[in-house]
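Here the structure comes first, spelled out in structure tokens, and everything after it is commentary.
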Amino acid sequence: MKSKYSDKEAKIYISKFAKKNVSKDLALRIYTTQLLGNDPTVVLHGGGNTSVKSSVKNILGDNEEIIYVKGSGKDMGNIEDDGFPALEMRNLLKMRNLSKLDDFQMVNYQRKYMLDTTFPNASVETLLHAFLPHKFVDHSHSNAILALIDQPDPEKFCKKVFGDEMGIVPYIMPGFELAKKAAEVFEQNTKVKGLILLNHGIFTFADDAKESYLRMIRYISKAEKELSKKSKNIRTKNYIETKINASEISNLIRQQISHQKEDDYERKIVHFHKPNFFNEFFSHPDLKKFTQQGPVTPDHVIRIKSKPLVIDLSKEKTENLEKVIIKSIQKYKDDYKKYFNRNKKYNPSASMLDSYPRLILIKGVGIFSTGPSFKDAKIAMDVGLNSLSVILQASKFGTFKSIPEKEIFRMEYWPLELAKIKPSTQKLKGQVAVITGGLGGIGYVSAKKFQKEGAEVVIIDIVDQKNIKLDMSGMTYFKCDITKEENLKGIFKKISEKYGGVDILISNAGFATVESLENLSKDQFDKSLDLNLFAHHYFVKHGVAIMKRQKTRGVVLFNISKQAVNPGKNYVAYGLPKAALLFLMKQYVVEYSNHGIRFNGVNADRIRSGLMTDDMISKRSKARGLSIQQYMSGNLLKREVKAIDVADAFYHLALSYKSTASIITVDGGNIESSFR
């Protein structure tokens, strides 16, 4: 492992944070923390922690000895000064004299001793940092360190690799007891440069930021060197990759990990990946036993549970896939309940968490991660791949060994860890919304609306991504000509591999041809039919096929138009396909309602969008002898209707669980286009 420390860059951080009245100590702490946090082989997604001891003037004008510690759950890769709460050192050090201190008391007193309680809670390992005398302390869950120490006789390897330069701390769950034990180990040999926490990770320390960071690099490098010297080949037979469709597997997994609630389903995201070490890992002759021993560090258990689910589909026939997946996931759930009941005595107040797997290894296909959102599923994938690579590395070096099951349980149900994962109240959490014409006025505003309500949003449009100037953060974009059915099939395959499936289809794309019946050409008519009718069918057809496979219902929302029921002059090329689209919606209702899938539509009029441009509005208002304002509010309510109003109608229909074949008219009042 190579150092990324730069004296020049360190000075830039000092200068940058000085403008925010941040001290040199904390600026350097932020710099080296980010260096460690941006290496996924060192820490991942909120893992690890760092600290620096310093002093500030309190409100009484006295110098106060303090410690800045990484806030609980903060990501080291992008942490800034607001991620480091400051605590009073004198009071933290007094706590070491206590004979015992439970977790809630520890957190309560740590918060009491914070200088500013608007900051996040300090790390659960704050006392460990405080009890060590060094100015800078760094802690990570380095892959190489874990591979070296997750062994039956880790002390032997540590002595061989680190000699007397590192203290060895036996496994103890994070908190007060671990902090006291780590301090005791250090005091037995104050010349050590760091501590190895068995089955947990590594601490290094020094009196300046650079040296503490370099020590972390140095000892991780020593572990890497030792691992490379003794790396056996675990591949014992040729591995054959199957041709099973990963996207369909994702749909079936999603079917089994989502559960029904009163009116709808609580859905989960399923994310697929085929890692670089795929072939070597899956060639192991006893893959299930190989992967069922527990996490590489307790910190991972809240993200991926203690064990992955392993399914071998390499010899299964296509028609048996659903049955095998259902049976395998159900067995995992049953086993998890037994695991909970076996270990509940270690935490009698615990209530069982959901029992579905977070990581699913399917031999012949790849790895699937799950979670209540794409962010959670992606974190589970990152942590899972990291964990599996450590297990592989540890097994090639010696024999991988995790902590005992009861310790895994205690960590999984530790309230201080569970507090890092907060449930969402967003109504569309876990749902995947796909929107065609998503870069137009109505499509984009609808995308933002559904994203705000918790949905994972996929936008489909025909614009080159380099030409998109809209904020697309957190969304997925596919460029696609949706009049080509094969294109859409490919897009839905990618959506299933990334998210697990679809729940909401907003069939929105369209364009208007303005031409009289007398002059309308067949080419004009064909192009309008292709996009305004047939493309809607292709989109819905393939999306609904996924909904059927998922068996979690779903909703399709059509952007129809008032033209479907109230034709305008010279609008036959647009109005006729829209009238047919209204019928198509009803036909889908007739044929797919038995699957619990709903089909609804919005009839809108005079909305500023990619279809109704400023130029068109200007020409049409001028032709009628009206101002633009008069034209746009030319309805019974005398109010302009906007894209957000259509988005709100789509959202309302998405949550109208007992409504199908329903049309909401969003036009400010036009009696000719009303349905009733």
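The tail of the calculated P(r) for region 196-319, taken as Cα-Cα distances beyond 26 Å, holds 47 percent of the pairs. Karplus-derived 3J(HN,Hα) values for region 610-625, using 6.51 cos²θ - 1.76 cosθ + 1.60 with θ = phi - 60°, are x, 7, 9, 7, 4, 5, 5, 4, 4, 5, 6, 5, 5, 4, 9, x Hz; glycine and proline are entered as x. Computed from Cα atoms, the angle from the helix 441-452 axis to the main principal axis of the chain rounds to 30 degrees.
Using the alpha-carbon positions of region 35-143, Rg (one decimal) and Dmax (whole number) come out as 13.9, 46 Å. Surface composition of the chain: carbon and sulfur make up 50 percent of the accessible area, probe 1.4 Å.
Between the C-alpha center of region 296-332 and that of region 145-184 there is a gap of 32 Å.
Computed over the Cα atoms of region 240-394, pair by distinct pair, the Kirkwood hydrodynamic radius stands at 16.1 angstrom.
Quickly estimate the mean residue ellipticity at 222 nm for the chain, helices only: each DSSP H run with n ≥ 4 gives -39500 (n - 2.57), and the total goes over all residues, rounded to 500.
About -12500 deg cm²/dmol.
Counting only aspartates and glutamates at least 8 places from Lys449 when in the same chain, those with an alpha carbon closer than 14 Å to its own are Asp471, Asp645, Asp648. With R₀ set to 51 Å, the beta-carbon distance separating Asp464 from Lys24 gives a calculated FRET efficiency near 0.65. To the nearest 0.05, how large is the calculated FRET efficiency for Asp286 and Arg639 if R₀ is 56 Å and r is the Cβ-Cβ distance? Efficiency computed from Cβ-Cβ geometry: 0.20. Over region 92-158, one equal point on each Cα, no solvent: what is log10 I(q)/I(0) by the Debye formula at q = 0.28 Å⁻¹? Log10 of I(q)/I(0), two decimals: -1.21. Computed from label points 7 Å out along Cα-Cβ, the spacing between Val56 and Glu405 is 4.7 nm.
Computed from backbone phi, the HN-Hα couplings of region 516-531 come to 6, 4, 4, 9, 5, 8, 4, 4, 4, 5, 4, 5, 5, 4, 4, 8 Hz, rounded to whole numbers (Karplus: 6.51 cos²θ - 1.76 cosθ + 1.60, θ = phi - 60°; Gly and Pro given as x). The long axis of helix 246-257 is offset from the longest Cα principal axis of the chain by roughly 80 degrees. When only alpha carbons are used to place a centre, region 507-562 and region 459-481 end up 19 Å from one another. The aspartates and glutamates within cross-link reach of Lys522, meaning a Cα-to-Cα straight distance under 17 Å and a gap of 8 or more places when in the same chain, are Asp530. Computed over region 324-378, the percent of Cα pairs more than 12 Å apart is 72. Across region 650-661, coupling constants 3J(HN,Hα) worked out from phi with the 6.51/-1.76/1.60 Karplus curve, θ = phi - 60°, read 4, 4, 4, 5, 4, 9, 8, 5, 9, 10, 8, 6 Hz, and Gly and Pro carry x. A probe of 1.4 angstrom, applied to the heavy atoms of all protein chains, finds Ile468 with accessible area near 30 square angstrom.
Computed over all pairs of different Cα atoms, the Kirkwood value for the hydrodynamic radius of region 128-251 is 16.3 Å. Counting every alpha-carbon pair across the chain, the share separated by more than 50 Å comes to 27%.
Size descriptors for region 299-458: radius of gyration and Dmax over Cα atoms are 18.8, 59 Å. Taking amide H as placed 1.01 Å from N in the peptide plane, the amide H of Ala604 sits under 5 Å from that of Ile560, Ser561, Lys562, Val666, each at least 5 places away or on another chain. Listed cross-link partners Lys230/Lys363; Lys160/Lys396; Lys53/Lys112; Lys331/Lys363; Lys337/Lys406; Lys112/Lys420 are compared with a 24 Å cut-off, the Cα-Cα value being larger for Lys230/Lys363.
The values are calculated or read from the model by the stated rules, or taken from the named source; none is laboratory data. Everything quoted here is computed from the prediction, not taken from an experiment. Counting neighbours? That spans all protein chains shown, and the Cβs are built from the backbone with ideal geometry, glycine included. Note: areas computed on protein heavy atoms with side chains; ligands, DNA, RNA excluded. Shrake-Rupley method; radii C 1.70, N 1.55, O 1.52, S 1.80 Å.
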